[in-house]
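The values are calculated or read from the model by the stated rules, or taken from the named source; none is laboratory data. Small disclaimer: the values here were computed from a predicted structure and weren't measured. As a convention, Cβ positions derive from the backbone with ideal geometry for all residues, glycine included, and neighbour counts pool all protein chains shown. Just so you know, the surface numbers come from the protein's heavy atoms only, side chains and all, with ligands and any DNA or RNA stripped out. Shrake-Rupley method; radii C 1.70, N 1.55, O 1.52, S 1.80 Å.
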Amino acid sequence: MTTLTSLPVAPLLERLFAESDNARVPALAAFAALPPTQRASIISSKTGYREIYADLKEAALPVSRETGTLLYMLARSMKARTIVEFGTSFGISTLHLAAALRDNGGGHLITTEFEPSKAQRARSNLADGGLLELVEIREGDALETLRTGLPEQIDLLLLDGAKGLYSDVFRLVQDRLRPGALIVADNADYCPEYMTMVRAPQGNYLSLPFAEDVELTMKLS
Ligand SMILES: C[S@@+](CC[C@H](N)C(=O)[O-])C[C@H]1O[C@@H](n2cnc3c(N)ncnc32)[C@H](O)[C@@H]1O
């Protein structure tokens, strides 16, 4: 058995995913009803993201179940000990990553969220999963909270906050990523600048689209 697939984490994740599937968040429905080009331009924006996510503060917006399991598998197989996450929300992805740290023998996960109510929900969910001690939740804008105080070496980075900021957040973290580090970026297509950084032909990264919605990247040296 693993921490991910046993009590208390497995039923907790089942409940959180089900609540997210069944939630009726008017702001999310209104957003989904926008024409695709308008939606894409809002999602990609480097400005105004604060207001957009404030409107969506009742929505969990989690990674898919498959991406969650992928995160656990990657973190386990690379024996990750230090993880950074951009975009905590209710902590669903965080639970997967922290479960991997627990099964790797311990570690430290820094995650960041600017909506105080979401950070509080994540804290409570991580406590329910018995994983809070592995996680540092930095409240505030990732552009500030990840600017300082990062570990010397980072094994894995999850990008899942405002899509338009992926390149900026990546710049803050990239020097600390160890050779062989993995970066999982959810819906990275909305940040062309990030895609250019990790897919540069002579660059220090190998990168490819994985499943439907993930860009999986490895730092070479
Ligand atoms: C897609 S959700 C994250 C879902 C989470 N990773 C999961 O799978 O459970 C994105 C979250 O990032 C937060 N966010 C967006 N931009 C941010 C920023 N610049 N700094 C901190 N948090 C941010 C939003 O408030 C939102 O809760």
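Overview of results
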item: Rounded to whole Hz, the Karplus (6.51, -1.76, 1.60) HN-Hα couplings of segment 177-189, x for glycine and proline; result: 6, 7, x, x, 4, 10, 10, 10, 10, 7, 6, 5, 4
item: E193/A30 FRET efficiency (R0 30 Å; Cβ-Cβ; nearest 0.05); result: 0.60
item: Packing rank of 43-56, 91-104, where each peptide gets the mean count of other beta carbons within 10 Å, highest leading; result: 91-104, 43-56
item: Dipole of segment 1-156, positive direction: furthest Cα of G91, G140, P116, with charges on the beta-carbon; result: G91
item: Charge dipole magnitude, Cβ of K and R +1, D and E -1 - segment 35-74, Cα centre, debye nearest 20; result: 100 debye
item: Sequence-distant residues sharing a close amide H with S45 (under 5 Å, placed H); result: G164
item: Simple label model, 7 Å out from Cα along Cβ direction - T47 to M73, nm; result: 4.2 nm
item: Per residue solvent-accessible surface (Å²) - the chain, probe of 1.4 Å; result: 46 Å²
item: Portion, in percent, of the accessible area of the chain that falls on carbon or sulfur, probe 1.4 Å; result: 56 percent
item: Segment 126-177, relative contact order [Cα under 8 Å, separation at least 6], %; result: 41 percent
item: Beta bridges by DSSP in the chain, antiparallel share as percent, to the nearest 5; result: 35 percent
item: Length-normalised contact order of segment 78-221 in % [C-alpha pairs under 8 Å, at least 6 apart]; result: 21 percent
item: Stretch gain in nm, segment M1-Q202, where the contour uses 0.36 nm per residue and the Cα spacing is subtracted; result: 68.2 nm
item: Pair D21, D175: separation of 7 Å Cα→Cβ label points (nm); result: 4.5 nm
item: Relative contact order of segment 1-148, defined on C-alpha pairs under 8 angstrom at six or more residues apart (%); result: 24 percent
item: Table column - 3J(HN,Hα) (Hz), segment 32-39, Karplus curve with 6.51, -1.76, 1.60, x for Gly and Pro; result: 5, 7, 5, x, x, 5, 5, 4
item: Dipole magnitude of the chain about its Cα centre (Cβ charges: Lys, Arg +1; Asp, Glu -1), debye to nearest 20; result: 300 debye
item: C-alpha center-to-center spacing [segment 99-138, segment 145-186] in angstrom; result: 17 Å
item: 15 Å beta-carbon shell around E139, net charge (K/R +1, D/E -1); result: +1
item: Net lengthening on full extension, S124/R39 (0.36 nm per residue, minus Cα-Cα); result: 27.5 nm
